[in-house]
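The values are calculated or read from the model by the stated rules, or taken from the named source; none is laboratory data. From a predicted model like this one, the values you see are computed outputs, not experimental measurements. Here the Cβ positions follow ideal geometry from the backbone for every residue, glycine too, while neighbour counts run over all protein chains shown.
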Number of protein chains: 2
Amino acid sequence: MEVKLASSYGFCFGVKRAIEIAETHKNAATMGPLIHNKSEINRLKDDFNIGLYESIDEVKEGDTVIIRTHGIPRNDRKELKSKNVEIINATCPFVTTPQQIVKKMTAENYHIIIFGDIDHPEVKGVMSYGDDNVTVVANIEELEKIVFKHNEKFATVAQTTKKKEEYLQIVNYLILRHKIVCVFNTICDATFENQDAARALSKEVDVMIVIGGKTSSNTKQLYSICEENVESYLVEDENDLKKEWFEGKKLCGVTAGASTPDWIIKNIIEQLKKY
Amino acid sequence: MEVKLASSYGFCFGVKRAIEIAETHKNAATMGPLIHNKSEINRLKDDFNIGLYESIDEVKEGDTVIIRTHGIPRNDRKELKSKNVEIINATCPFVTTPQQIVKKMTAENYHIIIFGDIDHPEVKGVMSYGDDNVTVVANIEELEKIVFKHNEKFATVAQTTKKKEEYLQIVNYLILRHKIVCVFNTICDATFENQDAARALSKEVDVMIVIGGKTSSNTKQLYSICEENVESYLVEDENDLKKEWFEGKKLCGVTAGASTPDWIIKNIIEQLKKY
């Protein structure tokens, strides 16, 4: 079977940066998984002895703690500071932006609408920079159910890995019903590029393989884009591949989420070519 | 022929208010036509001796000058003030809002996008509250031709009588390409209501008559909405009606722009019923 890679895929700027930061801080530990890719986290553990704290309670005085690419909630950061540890910030700058927007617009009495998944660490971090006047919606249906106070002014941000078309649905709904809506387009360009390339490739192949962590938001977005056009499968590594998916298929497209390292992509392509 | 009136039509809040202001200031003069309806302006002249200045140069010391519903440019207002006249402000409050938004957001270094007709008095007034950093666009095609500086932040307002669907096109174009777009929905609710009612009625009749001034923006919007669904005609008064428009027609719909007084609508309906 022939294999074709999307014109843009894999590691984004923020993930590359976070890995470089981790690699230059041997023996440090990350606060939550640094990126959404277990294999890469295992590599950092094996090659650089980078540990992983799942909870702030595990952090000990004198530790070097790396803040994950998705950022952490404001209170967690305060608690870290009080623990007398060295804090290394690997929060993606594109995630710091919505955090700061929420902080500023909350101070200016805007009602904040975050388009994102309330359980995603990035969103948990971003929303922690606001107060009670923050609403997280995962889709337009959730927004439609909410009754807002009359004459509220709104500021909107999106989780960096969301689809821009869905964000427009959210903001258009607000614009038609409210007088003031400040729209901050916080969706990351790298995400756009990977999404556009995946969309184009999925239209010309017989089957698509989307590589990435099962908990990675941007990988799931890529999968949902590909699935609209062609039979698609989400895999974390070559062990997830199933031979029967490719029976009778001539051309297989491959893309990968922003946390997927090149060595995993390479392994999968080699396996696919054998089918 | 049967005649059916739209469920919402004619005079809006701002026009009613302006006429009441004029009627309580006998012998005053308006700066520009008070509203976009010649017949009503003639009535105010005949019944209340309300004059009409086309240019500020005509204004004399001691005059009482009424500012038209569409507002006037900031410099004209300054010049009026320097002329030692009594100024009565009949600017529609829904027009004062975008003027104040442009003033505030210009001071905060936003690039202002006005969705409107650059020759319309309302837009001339609104844009005068900004500086060089104001761009007026009449449609999405005009916007697409403009190359903006990188990293600009935008604030958008719309002429109060514009179609909301077209405004969304403008703001969505900006949101997809720029990081910060503050959207002020300055389209007037009365305009919405008249538009929605005209749309509904035009789908159930054989022909539509849209009554209003030929220079009235909101009347032209109503006409363009009706025309999409059925044969439609724009008339200023009953003298514009042509018998042949109604040959073979059973049901005629009627709507009227926000500056159209009820007595003109009544005359037209009487004439239509005779066909």
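Structure data summary
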| quantity | calculated |
| --- | --- |
| Subset of region A:1-15 [under 17 Å from A:Thr255 (Cα atoms) and not in a strand (DSSP E or B)] | A:Met1, A:Ala6, A:Ser7, A:Ser8, A:Tyr9, A:Gly10, A:Phe11, A:Cys12, A:Phe13, A:Val15 |
| Every residue from region A:126-146 that is assigned to a helix (DSSP H, G or I) and among the acidic types (Asp, Glu) | A:Glu141, A:Glu142, A:Glu144 |
| The one condition in (1) under 30 Å from A:Val102 (Cβ atoms); (2) among the hydroxyl-bearing types (Ser, Thr, Tyr); (3) touching a Leu at 6+ places or on another chain (Cβ under 6 Å) that A:Thr215 fails to fulfil | (3) |
| Any hit, region B:221-231, residues being within 14 Å of chain A (Cβ to nearest Cβ) and at pLDDT 95 or above | no |
| Extreme residue, nearest to B:Phe192 (Cα to Cα), among residues of region B:242-267 that are among the hydrophobic types (A, V, I, L, M, F, W, C) and touching a Leu at 6+ places or on another chain (Cβ under 7 Å) | B:Val254 |
| Residues (in a loop (DSSP other than H, G, I, E, B) and at pLDDT 95 or above) located in region B:147-167 | B:Lys153, B:Gln159 |
| Within region B:191-204, tally of residues that are more than 15 Å from the chain's Cα centre (by Cα) and either within 12 Å of chain A (Cβ to nearest Cβ) or assigned to a helix (DSSP H, G or I) (or both) | 7 |
| Selected residue (criterion: nearest to the other protein chains (Cβ to nearest Cβ)) from residues of region A:168-190 that are part of a helix (DSSP H, G or I) and out of contact with any helix residue (DSSP H, G or I) (no Cβ under 8 Å at 6 or more places or on another chain) | A:Arg177 |
| Test set (1) in contact (Cβ under 8 Å) with a residue 40 or more places away in the chain; (2) part of a helix (DSSP H, G or I); (3) more than 17 Å from A:Ile41 (Cβ to Cβ) - A:Ile209 fails condition number | (2) |
| Any hit, region A:95-108, residues being within 28 Å of B:Ile170 (Cβ to Cβ) and either at the interface with another protein chain (Cβ under 10 Å from one of its Cβ atoms) or at pLDDT below 95 (or both) | yes |
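For every residue, the table says whether it meets (1) touching a Lys or Arg at 6+ places or on another chain (Cβ under 7 Å); (2) surrounded by 14 or more Cβ atoms within 10 Å (Cβ to Cβ).
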site	(1), (2)
B:Val205	yes, yes
B:Lys220	no, yes
B:Tyr233	no, yes
B:Asp237	no, yes
B:Cys252	no, yes
B:Trp263	no, no
B:Lys273	no, no
